[in-house]
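Read the structure below first, then the notes.
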Amino acid sequence: MTATAVRETEPAQRQPAAPAAQSSPLARGRKRLFWPFIAPALVLYVVFYILPTLATAWISLNKWAGAGPMEFAGLDNYRRLLLDPVFQGSFANTLTILFAVGGATFALSFLLTMILRDMAGRKAVRAIIFFPNIISGIVLSILWGFLFQAEGVVNQALRAFGMDDPPNWLGTENLFSVIMIGLVWVQTGFFTTILMAAVDRIPKDLYEVCDLEGANAWQRFRHVTLPLMWDVVGVCAVLWSISAIKIFEFIYAFAGAAGQLPPTKVWNTALYAYAEAFASGVPKYGSAAATGMVMLALVGVLVVLLRRLFRRDTVQF
Amino acid sequence: MAMTRKFPGPSKLLGSPFAWLFALFSVAVAVWMLLTSLKSTRAIFAEPWSLPTTPQWDNYARAWTASDFAGATLNTVILVFGTAVATIALSAPAAYALSRILTRWNSGITAFFALGLGIPSQVIILPLYVMMNELYLVDSLTGLWILYVATSMPFTVFFLTGFFGSLPKELEEAAALDGASANRTFWQIMLPLARSGIITAMILNIIQHWGETLFGLVFLQSEEKATLSLALLGFLQRMQYNGADWGGLFAGVCTVVLPVLACYIWLGRRIIEGMTLGSVK
C-alpha cells in the first residue's frame, strides 16, 4: 500500500484531481462511486462463491441427501472418507497428478523453454503447443482416448514398429497412465509459455558472460536462468496446484468407454465429489461436501507451502 | 572458444527437432481429427491416416440433425456471449474502482476476490444446486447463465484490476479538470481506453465457457437445453446402444473445436498473453 501511496502523491503536486487530495470535491465525488461500482460484482461473488463455500463446510458436518432434514454428524463424513478405499484411491490419484504429472510437466516445460530460447520458429512452436489449453477437456479426452483405442492410431503405429501385442491402453490397469500422459501433453504448452516470457526478460549479456567463463548448459541453467526466474516458477507452481486439483472433464469423459462414470481406479477427488452427490443412488451430500473441503484444504496447504518455499528476495536485474 | 562452440552443437541438434516433434504431434492430432470427421467408420479404422476418398459430409448432417448439435450450438452461443457481456458489465466498474478510487478497502477487497481463484467448483456446487433448485432455476439456461456470470467474477475482476492499474492516469485527470463527473469519466474515457483489456477478458471468458462441462452437467437435464459439451457426452452415451458412429462423433468434436481454432488463429497472441502475462509481471 505504501508504494501506491507514494506514487499517488507525485502527480498530486501538479493536479488537484489526484486521489491524494482528500478534501477536493472531485476526490469526494469519486469516493462516492466506490461502493456503487463494486457492489454488484461483490454481492454476486459473495452470494455465489463465498456463502456456498461456508455452506459446504457446514454440510460436510451433516448427513444429508440434498433434501429433507439434515442430521448433524460431526466429523463422521470425514471419518468415513478416510476408511473408504475408493476415496483413498481418488486422493492418491489427485496427489499423483499433482506431483508426477506436475513434475513431468515442469521438467518438459523447462526443457522446451531452454530449447526455444534461441530457436528459429519459436513463436510458431509456442502458439501450437499452447493451443490444447483452450480446448474443452471433454474434447481433449475424446481425442486422447480415441488415439489409444484397441485398433487406434497408437497401436497401429506400435504394430508397424513390430510390436505384435500392444497393450490394452484403455483397460483399467493402464487407463490412469494414459490420462496422466495426456495431461502432460495438454499442460506443457501453458507453462512453457509463461517460463518463456520469464526467460525473455533475462538480459542476454549474462549468457555471454557464461560463454566466456565456459559454463555448460546445465551450469547456465542452474546459476543464471533458474535464479532469475525463480519467482515466476513459484507462480507457476501455485497455478498448477490449483488447476491440478480441479481437473475433472479430462478424466470424466473416459467414461465413454465404460458407462456413466469411468472406473473408480482413475477417479480423483473432483470425480469422487461429483459421484457422491450426483451420480450415486441416494445423493450423499455430506461426504461430497467433505470431499470438497478436503480439496479446498489441499489447495490452501499447497499455496501456503509453495509461497514459503519460493519466498526469498527476488534477484534484481 | 571450444566450449562456446560445444554448447549450441548437440543441444541444437537434438533440441529443435524435439520441440518441433512436440508441436507437430498436436498439429497431427488436429489434422487427423478433421480427416476423421469426414470418413466412414470403416475407413477410420482401416486407413486412419489416408485422406477420405469421398468426404462424408453426411457425418455432419447426422451430428447436426439427429444428435441436435445445431440446437446445442445455438444454446452455447447465446449462453456464452450473454455470459461474457454480463460479466464485463459487472466486473469492469468494480475493477476500475479497485484500481483507481483509493480507499482503505482496496487491497482487502482485491485480495478477497483473488481468494475465489483458489476455490474449486466442486466446493461450491452443492449449495448452489440446492439454492438454484429452490429458485426453480435448475434445468434452465437462465440459471446456468447466472452461475456462469457469478463464477466469472473472481478471475475477471482480478484480471481487469491489473489492466486498469496499468493505464495512464493523465487522460482521466484531464477529463476531471474539464469538469467531467467521475461517473462520466469512467464510461466515456476509461472504458474506451481499456478496450483492449476488456476484449481480452471477454475472449478468455468465452473460451472458458465454450467447453464448460461440470456446471452444465449438474444444472441442465433436458436434451433441448444441452450445451455443446453435453451434446458430445450425450452422443458418446448413445453410441453404446446404437453402435459406434465415430464419424458422427468427430463431426461433433469439430463443431466444438473449429470455432475456437478460428478464434485462436485470428487472436492467438492476445489469448496467449491474456492467459499468461499476469504471471510474469
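The values are calculated or read from the model by the stated rules, or taken from the named source; none is laboratory data. Given the structure is predicted, the values throughout are model-derived calculations rather than measurements. Note that we place each Cβ from the backbone using ideal geometry, even for glycine, and neighbour counts take in every protein chain shown. Each accessible area value is taken on the protein alone, full model and side chains, heavy atoms only, with ligands, DNA and RNA left out. Shrake-Rupley method; radii C 1.70, N 1.55, O 1.52, S 1.80 Å.
Amide H contacts of B:Leu167 (H built 1.01 Å from N, in plane; Pro and chain starts excluded): no residue 5 or more places away or on another chain comes under 5 Å. Taking the convex hull of the alpha carbon positions in region A:216-284 and averaging its projected area over all directions gives 7.1 nm². Ordering A:Lys204, A:Lys246 by accessible surface, largest first, gives A:Lys204, A:Lys246; the 1.4 Å probe counts only protein heavy atoms, with every chain in place.
In terms of packing, defined here as the mean over residues of other Cβ atoms within 10 angstrom, the peptides A:162-168, A:225-231 line up highest first as A:225-231, A:162-168.
Both radii are taken from the alpha-carbon atoms of region A:87-310; with Rh as the Kirkwood radius, Rg/Rh is 1.04. For the protein assembly as shown, pairs of C-alpha atoms spaced more than 36 angstrom apart make up 42 percent of the total.
For Cα pairs less than 8 Å apart in space and 6+ apart in sequence, what is the mean separation divided by the residue count of chain B, i.e. the relative contact order in percent?
Computed over chain B, the figure is 30 percent.
Measuring with a 1.4 angstrom probe and ignoring ligands and nucleic acids, A:Met180 comes out at about 40 Å² accessible.
Sort out for me the Cα centre separation of region A:130-196 from region A:198-261, rounded to whole Å. If we compute the Cα centre of each part, the gap is 21 Å. For the set A:Glu173, B:Glu172, solvent exposure ranked by accessible area (probe 1.4 Å, protein chains only) runs largest to smallest as A:Glu173, B:Glu172.
Taking all protein chains as they are arranged and a probe of 1.4 Å, the heavy atoms of A:Arg126 leave approximately 40 Å² accessible to solvent.
Taking all protein chains as they are arranged and a probe of 1.4 Å, the heavy atoms of A:Ile50 leave approximately 30 Å² accessible to solvent. For chain A, the relative contact order works out to 26 percent when only alpha carbon pairs closer than 8 Å and six or more residues apart are counted. The ratio of the alpha-carbon radius of gyration of region A:139-220 to the globular-protein estimate 2.2 N^0.38 Å is 1.73. Close amide-amide hydrogen proximity is noted between A:Asn62 and A:Ala73, each under 5 Å apart and 5 or more residues distant or on a separate chain (H modeled in the peptide plane; Pro and chain starts excluded).
Computed on the Cα trace of region B:69-243, the radius of gyration divided by the Kirkwood hydrodynamic radius gives Rg/Rh = 1.08. In chain A, which whole DSSP H runs stretch at least 24 Å along their own axis (Cα) and average -1.0 or higher on the Kyte-Doolittle scale? TM-like helix candidates: A:25-45, A:172-200, A:230-246, A:285-310. Take the Cβ atoms of A:Lys204 and A:Arg80, set R0 to 51 Å, and the FRET efficiency comes out at 0.30. Pairs from the table (A:Lys265/B:Lys39; A:Lys63/B:Lys225; A:Lys246/A:Lys284) lying more than 27 angstrom apart at Cα are A:Lys265/B:Lys39; A:Lys63/B:Lys225. Of A:Lys284, B:Lys225, the order by accessible heavy-atom surface (1.4 Å probe, DNA, RNA and ligands excluded), from most exposed downward, is A:Lys284, B:Lys225. Of all stretches in chain B that contain no chymotrypsin sites (Phe, Trp or Tyr not before Pro) in a DSSP loop with at most 16 other Cβ atoms within 10 Å, the longest one is B:137-281.
Neighbours of A:Ala270 by Cβ distance under 12 Å: Lys/Arg scored +1, Asp/Glu scored -1, total -1.
Around the Cα centre of the protein assembly as shown, unit charges on the Cβ atoms of Lys, Arg, Asp and Glu (plus for the first two, minus for the last two) sum to a dipole of about 1440 debye. Remark on B:Leu38: its backbone amide H falls under 5 Å from none of the residues 5 or more positions apart or on other chains, H modelled at 1.01 Å from N.
Rounded to whole numbers, the Karplus 3J(HN,Hα) couplings from phi for region B:92-102 are 5, x, 4, 5, 4, 4, 5, 9, 10, 9, 8 Hz, using 6.51 cos²θ - 1.76 cosθ + 1.60 with θ = phi - 60°, and x at Gly and Pro. Summing +1 for each Lys or Arg and -1 for each Asp or Glu, what net charge is found among the other residues whose Cβ lies under 15 Å from the Cβ of A:Ala150? Neighbourhood net charge equals -3. For B:Lys169, the aspartates and glutamates whose Cα comes closer than 17 Å to its Cα, not counting residues fewer than 8 places off in the same chain, are A:Glu8, A:Glu10, B:Asp178. Take each residue of peptide B:107-119, count the partner chain Cβ atoms within 10 Å of its Cβ, and average: the result is 4.
D for region A:170-259, whole µm²/s, Stokes-Einstein with Kirkwood Rh over alpha-carbon pairs at 25 °C and 0.890 mPa s: what number?
Once the numbers are plugged in, D ends up at 154 µm²/s.
A cut-off under 15 angstrom between Cβ atoms defines the neighbours of B:Arg238, and their net charge, with Lys, Arg +1 and Asp, Glu -1, is -2. So which aspartates and glutamates can A:Lys31 reach, going by Cα to Cα under 14 Å and dropping same-chain residues fewer than 8 places off? Cross-link targets: none qualify.
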